[in-house]
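The next block holds one structure in the form of structure tokens; read it before the comments.
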Amino acid sequence: MFFRLNRNQMTTVSCLYNSSCFLSCHYKTGKATIIHWTYMTGGDVTVHSFYYDRDQLKLQDPRYKGRTSLVEDQDTGRPTELLLKNVKVQDEGKYQCFADSEEHGYKTSTVVLQVDGAAVWSPAALCDSPLCACVVFCTVRTRLNKLTTTTMWRNPSEEHNTIKC
């Protein structure tokens, strides 16, 4: 008995916050009859499905609605990439593509999406001191939320009066 093992290829992709991003689905030549993308971080969430020669989005998770489409390779004419629009910090994580073709069987590809440049601005709502009349926090999270930087700006003392709020 002969078994063909399909190794799972893993790719890392970095995308800018609020931009569009391409996630590649690697499979051999031939036309895939099924392409199914799932978000694997924290459970299996349906991102995009394609079968019966068209997109099947009834089971698509609402957070991806209107933000995904399959892109065809110009040379082969077959869908090979998922276009994810308006990338959010919440999109960061591991995605898996399942592709099945009659000629070559199924293959899975894994893409780790990293989101760069996401900033969250918030006023200092918990500051009761008059010295905090003008305080703003900016938090930037990048690279799978492994690096977090928080910066605080506040109104300088009256003698240095360089910032007006």
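Throughout, read-outs are computed from the coordinates displayed, never taken from laboratory work. In this text the structure is predicted, and so the values were computed from the model without any measurement. Note that each Cβ is placed from the backbone with ideal geometry, even for glycine, and that neighbours are counted across all protein chains shown.
Can you put F22, F98, F50 in order of Cβ neighbours within 10 angstrom, beginning with the fewest?
Numbers: F22 13, F98 17, F50 21.
By the 10 Å Cβ count, ascending, the order reads F22, F98, F50.
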Net charge contributed by nearby residues that have their C-beta within less than 15 Å of L57 (K/R +1, D/E -1): +3
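With charges only on Cβ, +1 for K and R and -1 for D and E, what is the dipole size of segment 9-116 about its Cα centre, in debye, rounded to 20?
On the way: 12 positive and 14 negative charges, 58 e Å.
That gives a dipole near 280 debye.
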Label-point gap, in nm, between D55 and T33 - each point 7 angstrom along Cα→Cβ: 2.3 nm
Sequence of C15, C25 once ranked by neighbouring C-beta atoms within 10 Å, starting from the fewest: C15, C25
Two-site label geometry, Y106 and M10: point separation in nm, points 7 Å out along Cα→Cβ: 2.0 nm
Amide hydrogen neighbours beyond the local backbone of C25, cut-off 5 Å, H modeled: E81, L82
Charge-dipole axis of segment 9-116 as Lys and Arg at +1 and Asp and Glu at -1 on Cβ define it, positive-most pick from T108, V71, V87: V87
